[in-house]
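Here is the structure we will look at, set down as structure tokens.
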């Protein structure tokens, strides 16, 4: 087990032949749940754009300000400025809320089984995308505004996951000088809350794959994978998301 950019990563090498590989990961999370009452709002960061950081944080924030799709940065900046309210000075936190809300309104969710993520320009052109495509668009658009952002992969506690049928979900986080990392879900257009369970974070969408590796095949068998997810609550009440 090692730590890579804040992610706990386990490596395994299996020298003996096997017919199957089963990975069982059980995690117990303690999430505040005040008896079914909505959670009190987290203290909202008050910093304004452009964001300024301590000198000791510059190396961190500069790394998360760099676009992955560099050739699309100008297009994204133009798209953001053309959104309703996009040219007005804003509180940084509310800007992130506004931008991810705009993506939710303009991009139609479409579940995709293809590997990888769409480029931001492709998502804008199609007007559709998966959760990872919308999170990528939000991450790159916020970077075009000079805000350090990162891609997050995890799970969303919902009726689907409770039935053991859930798959991974994707959102983004922004680093605020007076609030640290705060999450935003472009798929729902809201800030993240206790039902968002992160499992990996990275500046690049490809850096959060739950499982990766290779195997030697001498029998002609094809590689397949089946994933089951079950989330159970000790308390039946569902906390409300942060504002």
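No lab work stands behind these numbers, since they all come straight from the coordinates. All figures in this text were calculated on a predicted structure; none of them were measured in a lab. With ideal geometry, Cβ positions are generated from the backbone for all residues, glycine too; neighbour counts draw on all protein chains shown.
Summary of packing: across the peptides 116-124, 48-56, the per-residue average of other C-beta atoms within 10 Å ranks them, highest first, as 116-124, 48-56.
For the pair residue 110 and residue 57, the difference between a 0.36 nm per residue extended length and the Cα-Cα distance amounts to 15.4 nm.
Work out the FRET efficiency for residue 49 and residue 121 from their Cβ-Cβ distance, taking R0 = 30 Å, and round it to the nearest 0.05.
0.80
For the listed peptides 69-79, 16-26, a ranking on the average number of other beta carbons within 10 Å per residue, highest first, reads 69-79, 16-26. Length gained on full extension, residue 77 to residue 18, computed as 0.36 nm times the residue gap minus the Cα-Cα distance: 16.2 nm.
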